[in-house]
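Encoded as structure tokens, the structure appears first; notes follow it.
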Amino acid sequence: MFIVRFLIRRLLQGALIVFLVSALIFTLLRVVPGDPVRLMAGGMAPEALIEEIAQEMGLRDPIYQQFARYMGGVIQGDLGQSFVRPANGAAVGGASFDDSTRAARAEVWDLIAQTVPMTLQLALLSMIFALVIAVPIGVMGGLRPGKWPDRLALYLSSVFISLPNFWLGIVLALLLSVKLNLLPAIGYEGFAYTILPALVLAVEIAPFIIRTLTVSVANVMGQNFIDIAAVRGLTRNQIIFRHALKNSAIPLLNLLGVQFSMLLGGVLVIEFIFDYPGLGRLTINAVMQRDFPLIQGIAIVTAAAFVLINIVVDLCATAIDPRLDY
Amino acid sequence: MARDDVLAGQILLSVRDLTVQAEEDGKSRTILDRISFDLNPSQILSVIGESGSGKTVLARTLASWLSVPLRVTGGAIHFRGEDLISNPKFAKSLSGREIAYIGGNPAGALDPTMTVGAQLVEKLRAVRPDISKSDARDKAIALLKAVKIPAAERRFYEYPFQYSGGMMQRAMIVDALISDPALLIADNITQPLDVTVAAQILKLLRELNSEFSTAILFICSSLPVACDAADEVMVLHDGRVVERQVPAALVDAPQHSYTKGLIKELPTLWAEGKDESGTVKPDVGQPIMSVHGVAKHYETHGKSGWALVQAVRNVQFDVFRGDNFGIVGESGCGKSSLMRLLTGLERPDAGTILFQGENVGEASPKRLRQLRRKFQLVLQDPYGSLPPQSSIGSILEEPLIIHKIGSRAERRDKARAIMAEVGLPDNFYDRLPTGLSAGQRQRLNVGRAMILEPELLIMDETLSALDQTEQGKLLELFQRLQEEHGFTYIFISHDLTMVRQVCSRIAVMYLGETVEVASNERLFFDPGHPYSRALLSAAPTLEKRRYSPEKCLLEGEPPSPIDLPPGCAFANRCPHAFDRCMAETPKLLSRGDHALAACFLNE
């Protein structure tokens, strides 16, 4: 059975990719200068205590031993514990080494599980916005190459792509939240808080979709089977909606896969600007706090997400075009 | 015929003074010039003419498929008495329903992402919305059976890429006939197909014509095919109808000078008194190239896992010095894979290729480069085989540079000498190949191959991109070069008439095997393999056939080289096949005088 073989092969490949990513991240984090224990325990902690904590956490073992122990946990679904974040969710600690809450540090898995749905929501919404903006413009442009819809598509994508997202974010926040009071901007207290950052992201993605669509629709419209379809007696609507769009969907699908992966892994600037409690903000904080287990966890989860999205995209592509062979 | 007949509905299609012009840059060029003809119901009319004579424009005009800059500027097309030109909306409503069109490119004619069946149903329901989905499906399957597609129920659910070229053309015939049209316009439909498949399609078209009484306008550029297919042949020249006759009368007594020239130029296969003076008698002694038991397979992987394509399985022949050796076969028979093996571009999995006693298949890369000075290759595609950014002079000199021959000035002189020899004007030396015609490009390709003074030239379909006149000129050039330099040629080709004209000995390939090797005369008059006979029976010619297609070829397609049946590969299409052919593979056996054939009937 094709689908079973496909899934087994791709999931095995994916597992290998995730393993390699983990090994790379793990090693790199440990060879860069800076002792995370010093950060955890605080600048005032005595050297002996730091050494003791480090020994206790196994941070002085050889890297391959640490890695083996870590991967052993990952396989069982345990991504380890944050170095700096307490389980009770209190503010970022570490200044006081004898803080009693430090004993119960937050599980990395929990931290990620809290933020991933938020990012997913943001990513999906911006994807929907982007498609709503880009599909009509892109398809019209592709159907009339060289005419005004094509030029409109080109100009609009040029404008969109030259707007820096941080600038657009701030301007939209000023306009829609501060002046017009239409949408909330900062933080998260409900679905409405997703709309503004999603809009900014959509403007960023839309040009890619427009460009891909105009090119692929124009390309498909020039093909023989479209040309001959009218002589076969099909109506223009049938030709465009049943044949042209379906055939131009593959490049779009691949693009959406890449874009979606990027949205999941790295909407750092936008989440930071809007103080949106997603994976991006979590990543920024983890990096700034040198929270090794958290960085590792995020890396593994996003790598796995990339792999899964790719599998889904390829599966959809084969469903649309049976000639494809992954 | 009188206008009254049109009104009475006797005549299906009546074209009067149809004029089509192309308007470019304010200038208008007449493509079709006052064309008039009538077509009766269930009549087959061939339209023939060279490229540029307006055949395809005529087909498109009738199918209401003209696009800018083409425009109808005069005349009328009456379909069942109603004018299509003055009523484009009516014309549009006919297309796909009453007037069906089949083009010459079946490979790209259907959406690759939908099953053939779904598209047949879609088309029928687009022009006849009153037909239910299941009725449409039943009708499509019935027609797929009528055009002899095996396992039609299963094929209905397959995608276009799972069909071979011939199958796809059958499916397109179904697509055209499914709405029971009164008129079928077949525009060059056999052109991309192999001769045996094309012969089957023609036979099919005639059967369908009598079964469904559809009138057919058969547009084609080959006079023999046109005469084979039709009740009457109409000759188009420079956008005008120059004559119209029944095939036999046309061939016997052509009226117009253009038709006369066309028939005179047509090469013959069996006519007596073949001009033998030009061909150098090969010296049958030590072969210059000796191929024995050569095989090559390629691995592919698809949805069903890994598969082995057996492109070349068992090839055996000797080429003697001064030979014009022909290798013929249809597409997919392994000709091109064999060419790659002969030239050392790839190494065979089994067997030996001896060039002057040295094994090309096992030579070291360095030795191979030295050997290549003595055997050179000329490719099929005149456009893709020349670097567009190099001047003609430097294209010719490059082989000399690669083999480190001569000084700059010597190379330059040599290139100019070669240009003169192949008939390229001297002032082309600094030009880019961009402006060259296909024929000139092939001359340049030949020049590039012969600048190293090789002994053997391998021509892989070198002439198939050229028209008949140009082919003739190049063949003359080849002959002259052979007389002057003593070249030995291997012509790899699908074109039997060309091979008949120039080759002294011929190998016939089928599915990766040489099934027969024989001298020219012997192959055409006494073929030793049923496939050779089938090939001869399907060759387009106006002569009285020595072998009739009905007796030489069974319905069916060649098996796939991935999934070869046991026994003889031709058995499933061979009218003489018996039990042993299905179980055992026949070996090449000598029939005397260096002729070989692989068939049990010769034992």
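Roughly what % antiparallel, to the nearest 5, for the DSSP beta bridges in the protein assembly as shown? The antiparallel proportion sits near 60 percent. Principal-axis analysis of the Cα atoms of chain A puts helix A:108-143 at an angle of about 20° to the longest axis.
For the pair A:MET71 and A:ILE161, a Förster radius of 41 Å applied to the C-beta separation gives a FRET efficiency near 0.50, rounded to the nearest 0.05.
Springs between Cα atoms under 10 Å define the GNM used for chain A, and in it the highest mean-square fluctuation of A:MET288, A:MET221, A:MET40 occurs at A:MET288. On alpha-carbon atoms, Rg over Rh for the stretch B:71-165 using Kirkwood Rh? That ratio equals 1.06. Hull volume per residue, based on the alpha-carbon atoms of the stretch B:432-526 and their convex hull, is 120 Å³.
Placing pseudo-labels 7 Å out from each Cα toward the beta carbon at B:GLU346 and B:ARG416 gives an inter-label distance of 4.3 nm. Under the Kirkwood approximation applied to all pairs of distinct alpha-carbon atoms, what is the hydrodynamic radius of the stretch B:107-240 in Å? For the stretch B:107-240, inverting the mean 1/r across all distinct Cα pairs yields 15.6 Å.
Once you keep just the Cα pairs under 8 angstrom separated by 6 or more residues, what percentage relative contact order results for chain A? Computed over chain A, the figure is 22 percent. Relative to the longest principal axis of the Cα atoms of chain A, helix A:245-266 runs at roughly 20 degrees.
Ranked from highest to lowest mean number of other Cβ atoms within 10 Å per residue, what is the order of the peptides B:454-464, B:505-515, A:120-130?
Result, highest mean first: B:505-515, B:454-464, A:120-130.
Mean separation of Cα pairs under 8 Å and 6 or more residues apart, divided by the residue count, gives the stretch B:49-117 a relative contact order of 21 percent. Just so you know, the Rg over Rh for chain A is 1.07, from Cα atoms, with Rh as the Kirkwood radius. For the stretch B:507-556, the Kirkwood hydrodynamic radius from C-alpha pairs, put into Stokes-Einstein at 37 °C and a viscosity of 0.692 mPa s, yields a diffusion coefficient of 289 µm² per second.
Listed values for the stretch A:283-288 are Karplus-derived 3J(HN,Hα) couplings in whole Hz (6.51 cos²θ - 1.76 cosθ + 1.60, θ = phi - 60°), namely 4, 4, 5, 4, 5, 5, and x replaces Gly and Pro. Globularity index of the stretch B:446-603 is 1.16 (Cα radius of gyration / 2.2 N^0.38 Å, N = number of residues). Separation of the alpha carbons by more than 23 angstrom is noted, of B:LYS92/B:LYS203; B:LYS404/B:LYS473; B:LYS123/B:LYS148; A:LYS246/B:LYS145; B:LYS203/B:LYS544, for B:LYS92/B:LYS203; B:LYS404/B:LYS473; A:LYS246/B:LYS145. Here the Kirkwood formula, the inverse mean of 1/r across different C-alpha pairs, assigns chain B a hydrodynamic radius of 26.5 Å. The C-alpha atoms of the stretch B:27-121 occupy a region whose extents along the principal axes are 42, 30, 27 Å, arranged from largest to smallest. Per-residue shielding of A:318-324, expressed as the average number of other chain Cβ atoms within 10 Å of the residue Cβ, stands at 4. Here the convex hull built on the C-alpha positions of the stretch B:284-369 has a volume of 105 cubic angstrom per residue.
The mean number of Cβ atoms from other chains found within 10 Å of a Cβ in peptide A:236-242 is 2, as a whole number. For chain B, relative contact order (Cα pairs under 8 Å, six or more residues apart, normalised by length) works out to 12 percent. Each of A:ILE284, A:ILE75, B:ILE185, B:ILE173 was scored by other Cβ atoms within 10 Å of its Cβ. Arranged with the fewest first, they read A:ILE75, A:ILE284, B:ILE173, B:ILE185.
Please sort by residue number the chymotrypsin sites (Phe, Trp or Tyr not before Pro) in the stretch B:346-417 whose DSSP state is loop and whose Cβ has at most 12 other Cβ atoms within 10 Å.
The qualifying sites are B:TYR383.
Peptide B:109-117 is shielded by partner chain Cβ atoms: per residue, an average of 6 of them sit within 10 Å of its Cβ. Every pair of different Cα atoms in the stretch B:520-584 enters the Kirkwood calculation, which places the hydrodynamic radius at 12.8 Å. Summed over qualifying helices (DSSP H, 4 residues or more, each -39500 (n - 2.57)) and divided by its residue number, chain B shows a 222 nm mean residue ellipticity of -10000 deg cm²/dmol.
Compute the Cα gyration tensor for the stretch A:157-203, then decide on rounded, prolate or oblate, letting a ≥ b ≥ c be the square roots of its eigenvalues: rounded whenever a/c is under 1.5, prolate when a/b is larger than b/c in the other cases, and oblate in all that remain. Cα axes put the stretch A:157-203 in the prolate bin. Remark: B:ASP593, B:ASP495 ranked as B:ASP593, B:ASP495, counting other beta-carbon atoms within 10 Å and listing the fewest first. Among the trypsin sites (Lys or Arg not before Pro) found in the stretch B:340-422, those both in a DSSP coil and sparsely packed, with 13 or fewer other Cβ atoms within 10 Å of their Cβ, are B:LYS404. For the protein assembly as shown, the spread of Cα coordinates along the three principal axes comes to 113, 76, 65 Å, biggest extent given first.
Here, each number is a calculation from the coordinates, and none is a lab measurement. Model, not experiment: these values are computed from the prediction. So basically every Cβ, Gly included, is an ideal-geometry build from the backbone, and we count neighbours across all protein chains shown.
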